[in-house]
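Step one of this worksheet: look at the structure below.
Please treat every number below as a calculation from the coordinates, not as lab data. What you see is a predicted model; the values in this text were computed from it and never measured. Every residue, glycine as well, gets a Cβ built from its backbone with ideal geometry; the counts of neighbours run over all protein chains shown.
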Amino acid sequence: MSMSGSRVDFAFGAVHRLRMACQVVHKQYLAGRPLVIYTRDAQRLNAFDQLLWSFDPVAFVPHVYANDPMAAQTPIVLTTETPQPPSHPGLPEPWLLNLDLECPPNAAAFTRILEIVSEHPQDKAAARTRWQHYKAANYDVRAHDVSGTHQG
């Protein structure tokens, strides 16, 4: 697959990056879309894991770490390692949600990459750098302003 085939969607203006990520994951889960969630930061991934269980009392989003025996049967997988698109026969192609401050390794293996950016200066600066890297690699990069949307 050529690099230029991958699309990257940046959501700018999130009030809370991880909380917004939970909502994105929930929405994709309801749509039947498998996701791989990546960051090298184990603490951030752990915080996201906890938040995914608790962000909404009625939203159930089954998810496991990539090294879990149930990973092959679970549509939402969390990893600090190089993300690999899992094979889920009969389901849509998996997308990659990047929670790292840098571009994910192996991004080209995914047809779609989701990026969420808060108003935090460090987060915004890192996102600008990722945006430039994706552009330089000929990804189809798109921006979405989510600052005016209801973010729970």
- Message: I need the full set of residues from region 66-82 which are part of a loop (DSSP other than H, G, I, E, B) and over 20 Å from residue 31 (Cβ atoms), in order please.
- Response: 66, 67, 68, 80, 81, 82
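Would you be able to say whether some residue in region 59-76 is of a type in the set (Val, Ile, Thr), touching a Ser or Thr at 6+ places or on another chain (Cβ under 9 Å) and closer than 17 Å to residue 113 by Cα? Steps first, please.
Of all residues in region 59-76, those of a type in the set (Val, Ile, Thr) come to 61, 64, 74, 76.
Then drop every residue that is not touching a Ser or Thr at 6+ places or on another chain (Cβ under 9 Å), which leaves 64.
Adding the requirement that they be closer than 17 Å to residue 113 by Cα leaves none.
No: region 59-76 contains no residue that is of a type in the set (Val, Ile, Thr), touching a Ser or Thr at 6+ places or on another chain (Cβ under 9 Å) and closer than 17 Å to residue 113 by Cα.
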- Query: Does region 55-63 contain at least one residue that is among the β-branched types (Val, Ile, Thr) and closer than 26 Å to residue 142 by Cα?
  - Reply: no
- Message: If a residue must be outside any helix (DSSP H, G or I) and among the charged types (D, E, K, R), how many such residues does region 123-150 contain?
- Response: 3
- Query: Only one residue in 49, 56 is over 21 Å from residue 126 (Cα atoms), part of a helix (DSSP H, G or I), touching a residue at least 12 places away in the same chain (Cβ under 8 Å) and charged (D, E, K, R). Which one?
  - Reply: 49
- Message: Only one of 74, 80 is crowded, with 17+ Cβ neighbours inside 10 Å and free of Cβ contacts under 8 Å to residues at least 40 places away in the same chain. Can you tell me which?
- Response: 74
- Message: For region 48-57, check the following and say yes or no: at least one residue is within 21 Å of residue 22 (Cβ to Cβ), of a type outside the set (A, V, I, L, M, F, W, C), in contact with a Ser or Thr (Cβ under 8 Å, 6 or more places away or on another chain) and loosely packed, with under 15 Cβ neighbours inside 10 Å.
- Response: no
- Task: Looking only at region 20-36, decide whether some residue is over 18 Å from residue 91 (Cβ atoms) and of a type in the set (A, V, I, L, M).
- Result: yes
- Query: Do we have any residue at all in region 33-46 that's in a helix (DSSP H, G or I) and surrounded by 15 or more Cβ atoms within 10 Å (Cβ to Cβ)?
  - Reply: yes
- Query: Can you tell me which residues in region 86-97 are buried (at least 16 other Cβ atoms within 10 Å of the Cβ), within 17 Å of the chain's Cα centre (by Cα) and either part of a loop (DSSP other than H, G, I, E, B) or among the acidic types (Asp, Glu) (or both)?
  - Reply: 86, 94
